[in-house]
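The values are calculated or read from the model by the stated rules, or taken from the named source; none is laboratory data. This one's a predicted model, so the numbers in the text were calculated from it and none came from an experiment. Reconstructed Cβ throughout: ideal geometry from the backbone, glycine too, with neighbour counts over all protein chains shown.
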Ligand code: GLU
């Protein structure tokens, strides 16, 4: 059997962590078994489907490297095919036209609820002898009324539904558009899907889909329903929760490698191993070790993984990602040091590209102003001469060498009777606007003579004018 999986998002918003996980599992499963992975956009809900969401879904998948072998297929481009199958089902008696008005159905529903019964369509039109011309109708699937639907879920084990609990599903709305459950079945059938890996919210749809497949004498795919992901507080993610949106992670400077590694571990394990590359996952992934309980999201762990990848992937690669990130942040990287040198010096300090871009900005642009707490502590009269001396020495440099900068700082410490630490802190504030930076001589070296002198001058001017 040639494995074929699919990712079938409804384009009603950006991709969230949960859908990325099902996409990743489906993709990996296909890759592991040299099968095919297809992308299908389930856009028959015209009111909620948006083309912007389609773009965002494609962008998210591409960013993570989850390439598809077929598609994207759009359900709205397959309407004729669905119609054709519905016609056949009407002829073979597996489906029927239902003329009940929405009001009549609603009244029946309310009555059942008030009687403490589970609301379901009672099948008024199921066995109509004559059809009503010129009357609006929906098409319903004639679900078996006895027996059970049993399937072996790859994650959750055997699942059983009694047919009597499933009412006759509407497969075509009164506007002629087929419904989600029906389209999924026809697509999975036409596209020869062997494994349906999707969210657990679809478990209840599965017996209905299996019944439709059976009525069409089709093979039943293998199902694997993945548990949900809870937020940091152990609650369901809310739809508007931005922490769930995959594009946010891209914007916040996470690496695709870290996101993939993080998501795969939300529910799947291979011993105690934490770090997985995509190529390794393609060899190891299976559905057998997926956890059936819900997983809780942890930003701390994702940050940890991101830092790991920043430090362990090649400098070339990280600098390429960072270059793009900084350009998107409107930082002109031509106006400062080589990014690779900066990365070499700093990379083990940061968790995200965003943090890096934010800190590296000062190597390319002047910073606006000094923080009041640094002004009061460092930009004071007793430091004026130190700054002036350093300025004058650097001004006379005809070479630009780290050793020379270290000597200047060292000599100034002796001359001014201040500790090296004091001088270093002062220079950090003056040159970077902050008190934390790596070795200050290296920072000055990367900042370059021109920017260093300009910032020293700015600080001297500031102290002079403060007095
Ligand atoms: N379109 C459905 C969703 O976005 C998925 C359907 C399926 O995987 O069968 O939830």
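Of all residues in segment 437-453, count the ones that are on the phi < 0 side of the Ramachandran plot and out of contact with any helix residue (DSSP H, G or I) (no Cβ under 7 Å at 6 or more places or on another chain).
Counting residues in segment 437-453 that are on the phi < 0 side of the Ramachandran plot and out of contact with any helix residue (DSSP H, G or I) (no Cβ under 7 Å at 6 or more places or on another chain) gives 3.
Residue by residue through segment 388-411, note down the ones that are part of a loop (DSSP other than H, G, I, E, B) and exposed (fewer than 12 other Cβ atoms within 10 Å of the Cβ).
Filtering segment 388-411 down to residues part of a loop (DSSP other than H, G, I, E, B) leaves 396-401.
If the condition is that a residue be part of a loop (DSSP other than H, G, I, E, B) and exposed (fewer than 12 other Cβ atoms within 10 Å of the Cβ), then 396, 398, 399, 401 are the ones that fit.
Please work out if residue 73 is farther than 30 Å from residue 276 by Cα, within 16 Å of the ligand (Cβ to nearest atom), touching a residue at least 24 places away in the same chain (Cβ under 8 Å) and touching a strand residue (DSSP E or B) at 6+ places or on another chain (Cβ under 6 Å). Step through it out loud before you land on a result.
Numbers: farther than 30 Å from residue 276 by Cα: yes; within 16 Å of the ligand (Cβ to nearest atom): yes; touching a residue at least 24 places away in the same chain (Cβ under 8 Å): yes; touching a strand residue (DSSP E or B) at 6+ places or on another chain (Cβ under 6 Å): yes.
Judged against the criteria, residue 73 is a match.
Just give me the residues in segment 157-186 being touching a strand residue (DSSP E or B) at 6+ places or on another chain (Cβ under 6 Å) and either over 23 Å from residue 112 (Cβ atoms) or within 14 Å of the ligand (Cβ to nearest atom) (or both), in sequence order.
Correct list: 158, 159, 160, 172, 178, 179, 182.
Filter segment 43-56 down to the residues that are buried (at least 16 other Cβ atoms within 10 Å of the Cβ) and near the ligand (Cβ under 10 Å from one of its atoms) and list them by number. Full working, then the answer.
Going residue by residue through segment 43-56, those that are buried (at least 16 other Cβ atoms within 10 Å of the Cβ) are 43-44, 49, 53-54, 56.
The answer is 43, 44.
Could you grab me the full set of residues in segment 105-121 that are surrounded by 10 or more Cβ atoms within 10 Å (Cβ to Cβ) and touching a residue at least 40 places away in the same chain (Cβ under 8 Å)?
120, 121
How many residues does segment 175-198 contain that are modelled with pLDDT under 95 and over 14 Å from residue 141 (Cα atoms)?
3
Just need a number here: residues in segment 34-52 that are out of contact with any strand residue (DSSP E or B) (no Cβ under 9 Å at 6 or more places or on another chain) and in contact (Cβ under 8 Å) with a residue 12 or more places away in the chain.
Selection size over segment 34-52: 6.
Residue by residue, here is whether (1) more than 15 Å from residue 293 (Cβ to Cβ); (2) within 13 Å of the ligand (Cβ to nearest atom) holds:
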position	(1), (2)
203	no, yes
209	yes, yes
220	yes, no
227	no, no
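Can you tell me which residues in segment 273-306 are closer than 26 Å to residue 233 by Cβ and out of contact with any helix residue (DSSP H, G or I) (no Cβ under 8 Å at 6 or more places or on another chain)?
In the first step, residues of segment 273-306 are kept if they are closer than 26 Å to residue 233 by Cβ; the result is 274, 290-306.
Scanning segment 273-306 gives 291, 292, 293, 294, 295, 296, 298, 300, 303, 304.
Could you tell me whether any residue of segment 19-42 is more than 22 Å from residue 290 (Cα to Cα) and away from the ligand (no atom under 13 Å from the Cβ)? Show your work before the answer.
Narrowing segment 19-42 to residues more than 22 Å from residue 290 (Cα to Cα): 39-42.
Now narrow it down to the ones that are away from the ligand (no atom under 13 Å from the Cβ): none.
No: zero hits.
Taking residue 253 and the conditions (1) at pLDDT 95 or above; (2) on the phi < 0 side of the Ramachandran plot, which numbered condition does it fall short on, given that it satisfies the others?
Checking residue 253 against (1) at pLDDT 95 or above; (2) on the phi < 0 side of the Ramachandran plot, the one that fails is (2).
List every residue pair whose Cβ atoms sit under 6 Å apart, with the two residues 6 or more apart in sequence or on different chains, where the first one lies in segment 1-14 and is more than 18 Å from residue 221 (Cβ to Cβ) and near the ligand (Cβ under 8 Å from one of its atoms) and the second, anywhere, is modelled with pLDDT of 90 or more and assigned to a loop (DSSP other than H, G, I, E, B).
Partner pairs satisfying both residue conditions: 10/42.
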